[in-house]
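Each value in this text was obtained by applying a stated rule to the coordinates, not by laboratory testing. Here the structure is a predicted model, which is why all the values come from computation and not from measurement. Positions of Cβ are backbone-derived with ideal geometry, glycine not excepted, and every protein chain shown enters the neighbour counts.
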Amino acid sequence: MKNMITIFINDKEYKVEPDQTIMKAADKLGFKIPRLCYHPKLSIEGACRVCVVEVEGHRNFVASCAFPISDGMRIKTNTHELRRARRDIVELILDNHPLDCHTCERDSNCELQRLAASMGIRARHFAGDRKRYEEDLSSDAVIRNPEKCILCGRCVRLCSEIQQVHNLTQSHRGFSTVVTPAYNAPMAESVCTACGQCINVCPTAAFLEKNYTQELFSNLNDPTMIKVAQFAPSVRAAIGEAFGLPVGTNMEGQLVASLRLLGFDYVFDTQFAADLTIMEEASEFLERVKGNGKLPMITSCSSAWMKCLEQFYPDLIDNVSTCKSPMSMQGAMTKTYFAQKLGIDPSKICSAAAMCCTAKKYEAARPELMFDGMKGVDIVVTTREIAWMIKSAGLDFVNIKPEQPDNPLGLSSGAGAIFGTTGGVMEAAIRTAYDLYTGQTLIDIEIEAVRGLKGIKEGSLTMDGKEIRVAVAHGLGNACKLLDVVRKDPDRYHFIEIMGCPGGCVGGGGQPYPLTNTVPLDDAALTKRAKALYDLDRGKTIRRSHDNPGVQKLYKEFLEHPLSEVSHKYLHTHYQAKLPVGIIPKEAKKIEVKP
Amino acid sequence: MDDLKKGMEVTEAKFKLTLCDGTACIHKHSKELLLAVESELDKHGLRQAVKINLSGCLGMCKDGPILIVNPGFVMYGGVRVEDVPEIVQSHLVDNKAVTRLIISPDYLYNRFFRVFGDVDFFGRQMRICLRNCGIIDPENIDDYLALRGYEALAKALEMMTPQEVVDEVKKSGLRGRGGAGFSTGLKWEFTAKQVSDRKYVICNADEGDPGAFMDRSAIEGDPHTVLEGMIIAGYAIGASKGVVYIRAEYPLAIKRLEKAIAAAREHNLLGSGILGSNFDFDIEIRLGAGAFVCGEETALIHSIEGSRGMPRPRPPYPSVSGLFGKPTLINNVETWANIPVILLDGADWFSSIGTETSKGTKVFALAGKVHNTGLVEVPMGTTLREIIYDIGGGIPKGKMFKAVQTGGPSGGCLPEQYLDTQIDYESLAKAGSIMGSGGMIVIDEDACMVSLARFFIEFTQDESCGKCTPCREGTKRMYDILTRITEGKGRPGDIELLERLGGMIKRASLCGLGQSAPNPVLSTIKNFREEYEEHIHAKTCRAGQCTAMLSFTVNEKCIGCGACKRVCPVAAVEGARREKHRILPDKCIRCGQCYEACKFDAITRA
Amino acid sequence: MTELAQDKMTTLREFMAEVAQREYSESYLIAVLHKAQELFGYLPREVMDVVAEGLEIPTAHIWGVATFYHYFNLEPIGRHVVSVCMGTACYVKGANRVLDALKRELAVEVGQTTDDRLFTLQEARCLGACGIAPVIMIDDKIYGELDSEKVIEIIRQHRRL
Amino acid sequence: MLTPMQIIKNKRAEAVHRIIGKGYLSTRRVYVGMATCEIAAGSKDVMQVFRQAIADGVTDVYLSQKGCAGRCNLEPTVEVIEEGKIPVKYGRVSPQRARDIVERHLKKGEVITEWMI
């Protein structure tokens, strides 16, 4: 135990641990100092100055997020002067903000709005001209509105520190500072991986997903179309939060019921395609183990990772599985197998996906994924968008009677469910690969080594005496570290899972905004969402993808066998190096490879 | 031309006598001595052939009072009134120096005085930092070596432990000349105490205050003294690398520094095993690229690291975690230039110069509405009045003094009643300004204080890095409010708004730039509040500078020369040649060009 | 790309290759940008791309730096760069009038280049020639003790060059 | 082994020797201000005048550049220093004035008082 030290907050004495900031110490003592640019997972910026406090002996206020405590320190958090300064600071931000709250996507869900309310800003003293910028609507996934940006710098820090993408920077300076990609290029022509984490950490609406709800609504109202939905594993684990439910409440049944009420004719489950993905991917892996293809094999489910691969790691393209993501496999099967079964023209199908992800909007538009001149998925909406659609349709989501997904593409194993969390794909793949390779049944199917929120997880197992070494990374920053190890030591691993978002899909860029007094990317929240999926897995009788009777039937009736010609046509894809070239800074690549 | 004559003399004297006359002189005999000298000269009929001038403190008080006779720079010490007849008779008449009174102290700092001391502008100064500027060839290391250059370094290496060097700097009482005035010795000590595989020494030569050019002159005039100071610090704190961060706008200073570094390497004053010791040190130059905020130490470090020059919250201070995360000692050019003098002339001597809290000298760039503009280095404790009137020669064209601005965009404007303020960190702060890095701008009655405040806030607003809210947004709003006031659109309550915003920005901003940005506004409000009120309530600008509030009309003196018509950018002047012209009020944009152009006083500005 | 530009690019690459050998090579970004501007007169996008690859620095970071420092030009500049000193001494002595005169004479705002690509008008913080305020600098030469008439005459002289 | 102090003293002696070798002990030493501000005021041309004068045969003169002494509005400045005489400091030295200084001061020993600072 460290020696405790004494600090005084508002004249009251406290014993606290040393070596921490004023804010952290105060947080534990029940003081919630107002804050804005601070984020516990990002470096300290100290820029917004909302969290200023008075420290005896200092003429000026200090930022509590950055200032370390020391023994005997006397801190004031709530003087008249401080309150007025904080109020004025937040007003200054508002004065340079569009203030179109009523029509803003983040109305009632905006940190700035909440902060302004709690600061008691009821009049504007300093109003003047505000900045004017064009909205950047170029990307299929992430749109950027610099007018709403308050320059807290969270997105810039996230994009570089957590994701190592370094797409965003503050450019220019002073009052003209603006967050942009390099050369102020449109997002669509930048190295943005569309992961959408900038949206998650943005306190306002400076970053948003491209909204497809109106397009989806008009399709739902079109009687000539067959409307088919699919929804990702982690949507069910998070959508409840948008309706005030505790984090980690599984709302699968309510979501299925709501999608039907919204007008979908068929509601399938992306978890079905997750099982299908495992069949293909595990088979592909075993082929590579046999010497047909490059090792280590790297998973390909995460669309942000796909874009990252093509721009940052084109040299590793041959290592990446050719499997499409579950969403795209599901879309392909919807417009082929399912359409044939129904005997309808696939162009009459509107294939929509509710995803935890913004990058899936980008993925759906990738020409490489098209087959027979068609896109597998026509419209992708995020968890946030689908939650809003449910609200706007006047559905009582929380109390609605749960329903089951439709067949034939609705049945899923427990392995499909855990796809939504980091390590889940690896775990599911191991369950199947082991059985396929050895002809035996893996008994201990809960693989703890690949679970949890550690940035890079490693594990190994023996299949018929052959040691298979695996690694799992989530968040592109961790992936970048892992891939640099691979570049230096290509034989170190056989199989690698990469998810673009921290925590995997449960932490996707399209998940509900955090509730009041919680922060985005909170580990506790990610763990709870993941737990909902692990619980779902545990509650299922079928927990291995190859045991999914729906998948077995699909192979029998349509695909023949994994890696068949049909499979290749509809379920596999290819990648190619793309511009602009992504550059990962030298510093981030200084990784020592331990033997 | 009047200005010019004022600074020059017309007759050449046979002898020049210089009497020391420091403000705070302990001897206080100069008046009597002066009288004695004058009456003695009268006796010999030498009044015309001998010119007498009074110097500032010469820093040799223990030998004082001092009388210097030129030519020859013969220095008499401890001169009493009784000695005067002998000096005049023997030296001036018989041409034989009075040996018993001659002193020949070998101070490092007073070389400059030998050449320039007989001119009032220079004689009133004391040059420590700029001791070699203007008397040596800055591009020839031999000139520096010949004047005991690098002897302080040799002394440190041979006779002092690193701790002793730190102690000597501490004892000198030297404080950072970059503006904030933190104890240099303490800064050295903190950095010296850190345990690290590597430490850095940085010279901050990112001089950015508009109207300040001390650092440029110091480097251009004597680059080696800066290098020597840095090398000594490297030895004292255990650093092996030094960086000079200098503005790209100073190409000549950069060239001279490069040359100096190359010469120092050649002489093994940089590199490994300096002067036969086992101490290694090298210096490289890094260029700025036009960002005032990079004068702030954490921003400067980010800039050297190749990033946007944005400050970060402190602690950790650079002495703990600075350049590349290593303990780093940052001082500015003027501070470095003092170090060799402190080591050779001694901390005791150095701390005898100046006031209780501020030791040594300070360099100012004296500019604005003053006769003699230029670089002025004076002992701490000199008054503003002495600088502006005795050295600067007062205000030209018979105009009235209005204010003196010190500290540039971080400082304040002091009116007449503060002219007797002594130059030191605390006194200036108490008066409502700051020492700053050394800009000193004299302002006469022609300047509008609201516009001046607006000028400074425009500067900081433009130079704000944009990181923290108070500075980025707050200075913009202050600028907006000041703009509307100068345009005659000020509203009641605007002064209070400025005070409220300014107070908040001062206390809540991230770095020194923001924390001091409101100073020019707050100090002009404090000292010239009535001007603000006139602008807001009466919509008038007494200096006539806020043209938006003016109207221009042609009066009877007009001879129809057409000068105004030619310069008017919007064709708002009409009238036939040789007839009285007319200004069309609707078209006039009140730029004041016609007023400037008219040679007959025929345009009335109201 | 023209041959000349290729030569310049080669020079830049060589400079970077030398810098990349050094410790903390990414810290030389500003030095490399100075070099690039010295060669090309401004920082074209292709050049910044080359710098990004050469120093292994994300392009966005380079863009952030290039736009932060006013010394760097992001667009081609005119044959003559006219910098008006806006230091305090010059301000007090009427730099604003000089600047206004220049804006009118050149018909550009600060930071812009005339249509004939002859002049780029800039503001300078302090040219360090306070003694002869107000001053402007055209290319490397300083002109002091100006007023609006003198400055226009100087511009006209440069036009005739 | 020499100590740092011994080394620096040797260096000083060598430096003085070199300076003398360049003619420092000439009767007149002429210093021309060559800082940014001085150059802005035109000191390069002034320097050229003195260089030319020496090339043209004015002897017994040691010519050197110097930094800025700080007398801004009287720049360019030139000092003519003769041992045993009060150093003469000229201000606002144009090339024409420089030529006059060469003709009158350097050649004829006349101090031109009206241009003195």
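In the structure shown, the pairs B:LYS193/B:LYS467; A:LYS348/A:LYS540; A:LYS294/A:LYS488 are assessed against 27 Å; a Cα-Cα span above that value is assigned to B:LYS193/B:LYS467; A:LYS348/A:LYS540. For chain D, the calculated P(r) over all alpha carbon pairs, in 10 Å bins from 0 to the bin holding the longest distance, is 14, 42, 28, 11, 5, 0 percent. Taken over the range B:469-572, the percentage of Cα pairs per 5 Å bin, counting from 0 up to the bin with the maximum distance, is 2, 12, 18, 17, 13, 11, 8, 7, 6, 4, 2, 0. The value for the range C:80-160 of Rg(Cα) / (2.2 N^0.38 Å) is 0.96. The alpha-carbon of A:LYS290 sits under 21 angstrom from the alpha-carbons of these lysines, leaving out residues fewer than 8 places away in its chain: A:LYS466. Scalar couplings 3J(HN,Hα) for the range A:481-489, obtained by applying the Karplus form with A = 6.51, B = -1.76, C = 1.60 to θ = phi - 60°, are 5, 5, 5, 5, 5, 4, 4, 7, 9 Hz; x denotes Gly and Pro. Of all DSSP beta bridges confined to the protein assembly as shown, the antiparallel ones make up roughly 55%. 3J(HN,Hα) along the range B:558-575: 4, 10, x, 6, x, 4, 5, 5, 5, 8, 4, x, 10, 6, 9, 10, 10, x Hz, from the Karplus curve 6.51 cos²θ - 1.76 cosθ + 1.60 with θ = phi - 60°, whole Hz, x for Gly and Pro. Helical content alone sets the calculated 222 nm signal of chain C at -15500 deg cm²/dmol, taking -39,500 (n - 2.57) per DSSP H segment of four or more residues and averaging over every residue. Percent antiparallel among DSSP beta bridges with both residues in chain A, to the nearest 5? Of the beta bridges lying entirely in chain A, close to 50 percent run antiparallel.
Amide H to amide H distances under 5 Å link B:ARG175 with B:THR184, B:LYS359, where only residues 5 or more positions off or on other chains count and H is placed in the peptide plane. State which stretch of chain C is the longest one without any exposed GluC sites (Glu not before Pro), exposure meaning a DSSP loop state and at most 12 other Cβ atoms within 10 Å. The longest uninterrupted stretch comes out as C:24-108.
For the range B:168-319, the alpha-carbon radius of gyration amounts to 1.02 times the rule-of-thumb value 2.2 N^0.38 Å expected for a compact globular protein.
Taking other C-beta atoms within 10 Å as the exposure proxy, B:TYR150, C:TYR24, B:TYR144, A:TYR337 rank C:TYR24, A:TYR337, B:TYR144, B:TYR150 from fewest upward.
Pairs from the table (A:LYS454/A:LYS531; A:LYS41/A:LYS457; A:LYS375/A:LYS569; B:LYS155/D:LYS11; A:LYS324/A:LYS578) all lie within 21 angstrom of each other at Cα.
Cα convex hull, the protein assembly as shown: 220 Å³ per residue, rounded to a whole number. Rounded to the nearest 500, the 222 nm mean residue ellipticity of chain A from helices alone is -9000 deg cm²/dmol, with -39,500 (n - 2.57) taken per DSSP H run of at least 4 residues.
The average projected area of the range A:284-357, computed from the convex hull of its Cα atoms over all directions, is 6.6 nm².
Counted without the sites themselves, the longest stretch of chain C free of trypsin sites (Lys or Arg not before Pro) in a DSSP loop having at most 16 other beta carbon atoms within 10 Å is C:23-78. Residues whose amide H falls under 5 Å from that of A:ILE226, counting only those 5 or more places apart or on a different chain, are A:ILE349, A:CYS350, with hydrogens built in the peptide plane.
Qualifying GluC sites (Glu not before Pro) in the range A:412-502, where qualification requires a DSSP coil assignment and no more than 16 other C-beta atoms within 10 Å, comprise A:GLU446.
All C-alpha to C-alpha distances of chain B, sorted into 20 Å bins beginning at zero, yield P(r) values of 18, 45, 29, 7, 0 percent in whole numbers.
With helices as the sole contributors, chain B gives -10000 deg cm²/dmol at 222 nm; each DSSP H run of n ≥ 4 counts as -39500 (n - 2.57), and the sum is divided by every residue. Volume of the convex hull of chain A (Cα atoms only), normalised per residue: 168 Å³. Distance from the alpha carbon centroid of the range A:1-52 to that of the range B:329-347 works out to 40 angstrom.
Estimated from the Cβ-Cβ distance and a Förster radius of 51 angstrom, the FRET efficiency linking A:LYS531 and B:ARG500 is about 0.50. In order along the range A:330-343, the Karplus-derived 3J(HN,Hα) couplings, from 6.51 cos²θ - 1.76 cosθ + 1.60 at θ = phi - 60°, round to 4, x, 5, 5, 4, 8, 10, 3, 5, 4, 4, 4, 7, x Hz, and Gly and Pro are given as x. Relative to its residue count, the range A:93-209 spans a Cα convex hull of 107 Å³ per residue. The value for the range C:3-68 of Rg(Cα) / (2.2 N^0.38 Å) is 1.00. Please identify the trypsin sites (Lys or Arg not before Pro) of the range B:395-487 that satisfy two criteria: DSSP loop assignment and at most 15 other Cβ atoms within 10 Å. Which are they? For trypsin sites (Lys or Arg not before Pro) across the range B:395-487 that sit outside H, G, I, E and B with at most 15 neighbouring Cβ atoms in 10 Å, the list reads B:LYS399. Across all C-alpha atoms in the range B:402-523, the radius of gyration and Dmax reach 13.9, 39 Å.
For trypsin sites (Lys or Arg not before Pro), the sites in the range A:251-358 that DSSP calls loop and that have at most 10 other Cβ atoms within 10 Å are A:LYS290. Less than 5 angstrom separates the built amide H of B:LYS402 from those of B:ILE443, B:ASP444, B:GLU445, all sequence-distant by 5 or more or on a different chain. Suppose the Debye formula is applied to equal point scatterers at every Cα of the range B:550-605; what is log10 I(q)/I(0) at q = 0.23 Å⁻¹? For the requested q values the scattering log ratios are -0.77.
Each principal axis of the Cα cloud of the range A:235-342 was evaluated for its coordinate range; sorted largest first, these ranges are 48, 37, 24 Å. The range C:1-55 and the range A:296-316 have Cα centres spaced 30 Å apart. Ranked for footprinting exposure by Cβ neighbours inside 10 Å, fewest first, A:MET4, D:MET116, A:MET426 give A:MET4, D:MET116, A:MET426. Ranked by how many other Cβ atoms sit within 10 Å of their own Cβ, fewest first, the residues A:SER303, D:SER43 fall in the order D:SER43, A:SER303. With the gyration tensor restricted to C-alpha atoms of the range B:377-449, the semi-axes of the equivalent ellipsoid amount to 19, 14, 10 Å, longest first.
Taking the Kirkwood radius as Rh and the Cα radius of gyration as Rg, the range C:1-143 has a ratio of Rg/Rh equal to 1.05. Were the residues from A:PHE217 through A:ARG487 laid out at 0.36 nm apart, the gain over their Cα-Cα distance would be 92.6 nm. If you average the C-alpha positions of the range D:43-96 and of the range B:195-249 separately, how far apart do those two centres end up, in angstrom? Computed from Cα coordinates, the inter-centre distance equals 30 Å.
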